[in-house]
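The values are calculated or read from the model by the stated rules, or taken from the named source; none is laboratory data. These figures come from a predicted structure and were not determined experimentally. So basically every Cβ, Gly included, is an ideal-geometry build from the backbone, and we count neighbours across all protein chains shown. Side chains are part of the model used for accessible areas, which takes the heavy atoms of the whole protein and leaves out ligands, DNA and RNA. Shrake-Rupley method; radii C 1.70, N 1.55, O 1.52, S 1.80 Å.
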Amino acid sequence: MNRIAACFERLKEQGRQALIPYITAGDPAPGATVPTMHAMVEAGADIIELGIPFSDPMADGPTIQLACERSLKHGTRLLDVLDMVKTFREKDQETPVVLMGYLNPVEVLGYGAFAEQAAAAGVDGALIVDLPPEEAEGEFDQAMKANGLDIIYLLAPTTEESRIEQVCKAGSGYLYYVSVKGVTGSASLDVQAVADKLDVVRKYTNLPVGVGFGIKDAESAKAVSEVAEGVIVGSVLVNKIASLVQQQDEIPAQVSAIVAELRTAMDA
Amino acid sequence: MPIKTDLSTIAQMPDERGHFGPYGGRFVSETLMAALKQLEETYERLWRDPDFQAEFDRDLAHYVGRPSPLYHAVHLTELCGGAQIYLKREDLNHTGAHKVNNTIGQALLAKYTGKPRVIAETGAGQHGVASATVAARLGLECQVYMGAEDVQRQALNVYRMKLLGAEVISVESGTRTLKDAMNEAMRDWVTNVDDTFYIIGTAAGPHPYPKLVRDFQSVIGREARAQCLEQAGRLPDALVACVGGGSNAIGLFHPFIEDGDVRMVGVEAGGYGVESGQHAAPLTAGRPGVLHGNRTYLMEDDAGQILGTHSVSAGLDYPGVGPEHSYLKDTGRAEYVAINDDEAMDAFRTLTRVEGIMPAIESSHAVAHAMKMAKEMDKDQIIVVNLSGRGDKDIHTVAQLDGIQV
């Protein structure tokens, strides 16, 4: 069993939900990332989504766009991101790490090389935002499977039932349900609408579902944890990082403080 | 490069999933999939619908002013001393460029699907103006995303859009040009997908946009083909068009794809020179990658980050290109070259002085290359240049280069 499956299994036994924080690798500087990952795990994170910075993050709002720009100012490359995971794994062999980003940096490296090197670094899966199942079919899909990596796909409020079935079949690890129409960091979510949609999703899959976009605080994290197996939180953490660009030493402690707060709310 | 694929196969692209060989496709977030699928279904149905076609044709005739003339530029021809140069006068269209052919079509799609709001991205402002124009006419709310740098250098078009009732949103992210405007428009669309139609201005983006924009723009090539046969009694030897995203070029080229003897030449923005790295010529100096929903030639660094571009012309200042051009390049059916800022500005001045036609700086790139080609060709040969837009919007840029305050 891989790390992601083991993680959800363990949580299920404990009757808890996964807390899945997102940060952009190399934001605001390469040195900040690995200590923040460790601090988040200590504060109760179950899986870490690590963003691969991209110059044109189309599906993200200004928060993540600026995080990418801060990271790219230091020239953070996909290979540097893999190195960060490798360093993280020196102290943590248990917490799953999922890379999240856009296709072009992956395409430049080559699907086969990406999958091999990601697996070797200790990555467990990838969510490529602009690579839907139709386009992943074939080379990307095979490269990921051959290296034991999960492909995490998105589902949206606009995804029709026939397509939900298709995406559920293609995905592995977990599914990422985008709770609102919009980009990351936008409007607040409607938990009842999420619950209704997840009822449909569960007709087609036993995979755990993480819900992201629009989770801003302990209250929304708690509400989502009552309807989904995972709570994904990004912009709130990235905004905190943005506010600490001048005090980078503070980043692991202050970001993990938010994670701890969400954890407490979810477990209450 | 030899043509590896037979011409009718090339002409029939894209396939049902929007692929032009390895290019094109639908590389978008799940949040956009439903909207694109709906657009594809709507488009495929309406494009075959006689009522829709009739309304589109009527608008092109009586609102845009089509057919646009094919003008034999005898003075320019004489100056070059070679092939006969004909200009396809898209600059004479209502709003002053080819862009309106597409916005008329897409606004009709918006109308038929009942969306009350349209958004658009724009570089030089021509597509923004064309979108604002059709929105005004159909009573649609219109917001136009434009890079902050382009807002500066195309102030006249910004004001035109405002007069037409559109809101221009200045985009400060990234390189503050066309690509960033497109990012912001996509973000808007994801958020407001229920009531909003996204009028993409060029033959790029996710499927079905490259196809439908091409189909709407192909009126250029269909007319040019018939006009050339009528005026010269034969097909042209070469077609020349500027390529940013590539909508005017694909509109001219596509109806000629199966005419194997007609050369097709796309002219990219060479900026300060391709060797300088400061340009916007992905087909000439880039490599394939994925951006804005499609696989195509891009300007990117070796880590896959999209590079900033430079061109004196805002409309060509884009790091990608429509996927069909990538396919035409690889199959060898079309060739692509780059013309530098200086060469384009020289052509701008030349055409203005010898023909009394002031071209857009974008179109001046095509004129510059056609002049080079004409000199190497015989007098009984024919070049058709797509004069995709008029230069009024560029007068401030030209004056500034001359050090004159207008």
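Quickly run through the stretch A:73-86 and pick out the residues that are surrounded by fewer than 16 Cβ atoms within 10 Å (Cβ to Cβ) and polar (S, T, N, Q). Passing the criteria: none in range. In the stretch B:156-175, the residues that are within 14 Å of chain A (Cβ to nearest Cβ) form Cβ pairs under 7 Å with partners that are surrounded by fewer than 20 Cβ atoms within 10 Å (Cβ to Cβ) and outside any helix (DSSP H, G or I), at six or more places apart or across chains, as follows: B:175/B:308. Of all residues in the stretch A:239-248, at least one satisfies being touching a residue at least 40 places away in the same chain (Cβ under 8 Å), part of a helix (DSSP H, G or I) and open to solvent by less than 20 Å² (accessible area, probe 1.4 Å). Scanning the stretch B:365-396 for residues that are surrounded by fewer than 24 Cβ atoms within 10 Å (Cβ to Cβ) and closer than 22 Å to residue B:152 by Cα yields B:390, B:391, B:392, B:395, B:396.
Note on the stretch B:95-113: among residues that are more than 16 Å from the chain's Cα centre (by Cα) and of a type outside the set (S, T, N, Q), the one that is surrounded by the most Cβ atoms within 10 Å (Cβ to Cβ) is B:107. When residue A:28 is evaluated against the numbered criteria (1) touching a Ser or Thr at 6+ places or on another chain (Cβ under 8 Å); (2) part of a helix (DSSP H, G or I); (3) touching a residue at least 60 places away in the same chain (Cβ under 8 Å), which criterion, by number, is the only one it fails? The number of the failed condition is (2).
Quick check on my filter: what residues within the stretch B:78-94 are farther than 11 Å from residue B:388 by Cα and open to solvent by less than 10 Å² (accessible area, probe 1.4 Å)? Hits for the stretch B:78-94 are B:82, B:83, B:85.
Between A:180, A:227, A:201, the distinction of being of a type in the set (A, V, I, L, M, F, W, C), over 21 Å from residue A:98 (Cα atoms) and at pLDDT below 95 belongs to A:180 only. With respect to residue A:200, determine if the residue is buried (at least 20 other Cβ atoms within 10 Å of the Cβ) and outside any loop (DSSP other than H, G, I, E, B). The answer is no for residue A:200.
Scanning the stretch B:162-190 for residues that are in contact with a Ser or Thr (Cβ under 6 Å, 6 or more places away or on another chain) and at pLDDT below 90 returns a single hit, B:190.
When restricted to residues that are among the aromatic types (Phe, Trp, Tyr) and in contact with an Asp or Glu (Cβ under 8 Å, 6 or more places away or on another chain), the stretch A:1-54 contains 2. Residues that are touching an Asp or Glu at 6+ places or on another chain (Cβ under 6 Å) and within 11 Å of chain B (Cβ to nearest Cβ) occur at least once in the stretch A:184-193.
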